[in-house]
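Please read the structure below before turning to the comments.
The values are calculated or read from the model by the stated rules, or taken from the named source; none is laboratory data. If you're wondering where the values come from, they're calculated on a predicted model, not measured in any experiment. Cβ coordinates were reconstructed from backbone atoms using ideal geometry, including for glycine residues, and neighbour counts include every protein chain displayed.
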Amino acid sequence: MATGAPLNYEASAGTTNLQTTDVLPSEVVQCLQNARFLHLATCTNLFPHVSLMNYTYLPTSEYSTSPTIIMTTNPSSKKTLNLISNPHVSLLVHDWVSHRPPTTNRRGSTANERNGSPPPEASRSSLASLLLNLNTSALSSISVTINGDARLVERGTDEETFYREQHLDNNTFADGDQRRNWSGRDAEDNDGGRVTFIEDEEVRVVVVEIRDGRVSDWKGAVRDWSLIGGLGENDMSGDRMVNGV
């Protein structure tokens, strides 16, 4: 088992310093426990598709001894169709604040409009200042790419009920939370899509069992890792994926 090793500088496509481990690296667990959303990349017919997703991380469960990530998806969505065709997925998760600070305007008053940065006056509000400070001091300095295989859990099974309940519990937040979201509304007035994307009876439960991945820092250093046993005993073949539909 190897965790916590220093990151190395190498080409992003290389695995020179690949490490194998029987547990997820601590940085990976940290990101999965801290982040609110992740980016799910699916692909079919050579066309990639990326979705922002609520998720739940389970180190183990009664249905899997391997670490898994739970998500829910609309059965008619593009990502669902991609998953049925190709269960191989990639996930990106990080736990730093990604608010974009104003850039130094050196080319006139319209520079911020061109490059997407907020105007300087926007940073004068207490909320914007807080976000800028959080972004500067970054809750974390790494991002994690996770590769694995996904399957749709069969409808009406105890497994589906279990995972759905775990996912709902993990995405139900305290009523007194007065943090504000990007729209300026109180967090309690915005459920992050829980009702639509998790509670809706039509959504399908997706389980991703983790295979390998990469930890990267903001300076370009990386460390590749591979989980011993990969998918464990629950091999997710294309047939099983289709049967889950």
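Numbers at a glance
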| quantity | calculated |
| --- | --- |
| Cβ-Cβ under 6 Å pairs, at least 6 apart or on other chains, segment 18-42 side at pLDDT 90 or above and assigned to a loop (DSSP other than H, G, I, E, B), far side surrounded by fewer than 14 Cβ atoms within 10 Å (Cβ to Cβ) and not small (Gly, Ala, Ser) | Asp22/Met1; Asp22/Ile228 |
| Strands (runs of 3 or more DSSP E) wholly inside segment 56-98 that include at least 2 residues being touching a His at 6+ places or on another chain (Cβ under 8 Å) and surrounded by 16 or more Cβ atoms within 10 Å (Cβ to Cβ) | 68-73, 88-94 |
| Near pairs, Cβ below 6 angstrom, 6+ apart or cross-chain, from segment 73-87 (touching a residue at least 60 places away in the same chain (Cβ under 8 Å)) to any residue that is in a helix (DSSP H, G or I) and charged (D, E, K, R) | Thr73/Lys79 |
